[in-house]
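Following: one structure in structure tokens, then a few remarks.
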Ligand SMILES: [Zn+2]
Ligand SMILES: [Zn+2]
Ligand SMILES: [Zn+2]
């Protein structure tokens, strides 16, 4: 498996790099830049030459994946937390109701399972016999969390990879249809209701996407509007009605969400806080626990250090791209994301604040707190004369030092949060 430890390994090269970094005469300068980037693991080097003097700045890589950059993934999680909880403040919930919805893809075949509710429960113990390919239809193993078998099919030949990848590809379209349907259903019950949302995509162990979303319905002042019970019902009804017909190798297939949409009414503060933390956690997880390169040539699939299920997923993307180039040529460029082409986090305009607004707030905050370590240099329109030089740290040793500092910084942040639990992360950033 690819390395998932953000620190990497402490091999002789890395050690030599650490010694070189620490004993260099430019150490102080370099460390200042690392601090200003918020201890980014892969900073972008920007240079500006003024009156013959060249200055170098480190800007954040802004990669949201924990394994690539702990510092930037922390910041992304914090921004998501703000967006989610910012949409559930008492002001925004005045005359409004909100629900937490999880929409999954349907089953494409039986996969090995870890039962989170009862971890001592075996995978599929009661099932006997074999499939047409001679593979056992059951599995007596109790898969521990982290077992690479979890999510992979009991028989890869029975598993419907075509439907799986078509669903992944069209999942954002299913969501668009879903919000339109829900808004239509809501408008039949009450007029003037505004439905807004924030949603986060999570890749399940079986490598199919699912959405966690918060839907908020704002009623008109003094109108009867939509109550919590009705919104909960309509959110589930809308999910069950979605059908999208798409081109497939065998003509067309009809896509839909999994049979059971999970809709939970959001009723009080504690619950909304927990949901905020939950969504924030998902955005930094990355597409899969394996670190995949952004671009993977089709010829290299078999060489990748990933489980067979990943390889089958990628091979199906190549197959569909080849069979139906008019529709799916783009799939060949999406092997590294396992066919995912949407955003991780999206929100409707009126739900709450935006990532951009948060960046602006941080920049404004930094301007008045210049002695504190920065949350990262974020060039804005006024910084147009900066030039890209290169990215990353000079040696694995330099990176190791930056990531160690990022992890230590996170520990301090968590300790501060626990000491000040009522205020929440909102307070800790400034
Ligand atoms: Zn970074
Ligand atoms: Zn199993
Ligand atoms: Zn089979």
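Given R₀ = 35 Å, FRET efficiency for residue 107-residue 222 by Cβ-Cβ distance, to 0.05? FRET efficiency, residue 107 to residue 222: 0.15.
GNM on the chain, alpha-carbon springs under 10 angstrom: the most fluctuating residue among 334, 60, 184 is 184. Computed from the C-beta positions of residue 47 and residue 262 and an R0 of 60 Å, the FRET efficiency is 0.75 to the nearest 0.05. Taking other Cβ atoms within 10 Å as a rough exposure proxy, 292, 182, 266, 303 sort from fewest to most as 303, 292, 266, 182.
Between residue 302 and residue 189, the FRET efficiency estimated from the beta carbon spacing at R0 = 51 angstrom works out to 0.40.
Taking every DSSP helix (H) stretch of at least 4 residues in the chain, weighting each as -39,500 (n - 2.57) and dividing the sum by the residue count yields a mean residue ellipticity at 222 nm of -12000 deg cm²/dmol.
Full extension of the segment from residue 295 to residue 346, taken as 0.36 nm per residue of separation minus the current Cα-Cα distance, would add 16.0 nm. Label point of residue 9 set 7 angstrom out along Cα-Cβ; within the range 38-72, no amide nitrogen lies under 11 Å from it. In the elastic network of the chain, a GNM with C-alpha springs shorter than 10 Å, the most mobile of 81, 340, 386 is 386. Between residue 254 and residue 117, the contour length at 0.36 nm per residue exceeds the alpha carbon distance by 46.1 nm. Modelled spin labels at residue 243 and residue 357, positioned 7 Å past Cα toward Cβ, are 4.0 nm from each other. In terms of other Cβ atoms within 10 Å, 75, 324 run from fewest to most in the order 324, 75.
Looking at the chain as a GNM with Cα springs under 10 Å, which of 118, 262, 160 has the largest mean-square fluctuation? The residue with the greatest mean-square fluctuation here is 118. Classification of the chain by its C-alpha gyration tensor yields an oblate form. The axis ratio a/c (a ≥ b ≥ c) is 1.5 or more, and b/c is at least a/b. Fewest-first ordering of 62, 229, 220, 91 by other beta carbons within 10 Å of each residue's beta carbon gives 91, 229, 220, 62. With a ≥ b ≥ c the root eigenvalues of the C-alpha gyration tensor of the range 1-141, is it rounded (a/c under 1.5), prolate (a/b larger than b/c) or oblate? It comes out oblate by the Cα gyration axes.
The stretch between residue 411 and residue 386 holds 5.7 nm of extra length on full extension. This uses 0.36 nm per residue minus the Cα-Cα distance.
Computed from the coordinates by the stated procedures, all read-outs in this text should not be read as laboratory data. Values in this document were obtained by computation on a predicted structure and should not be read as measured data. Backbone-built Cβ (ideal geometry, glycine too); neighbour counts: all protein chains shown.
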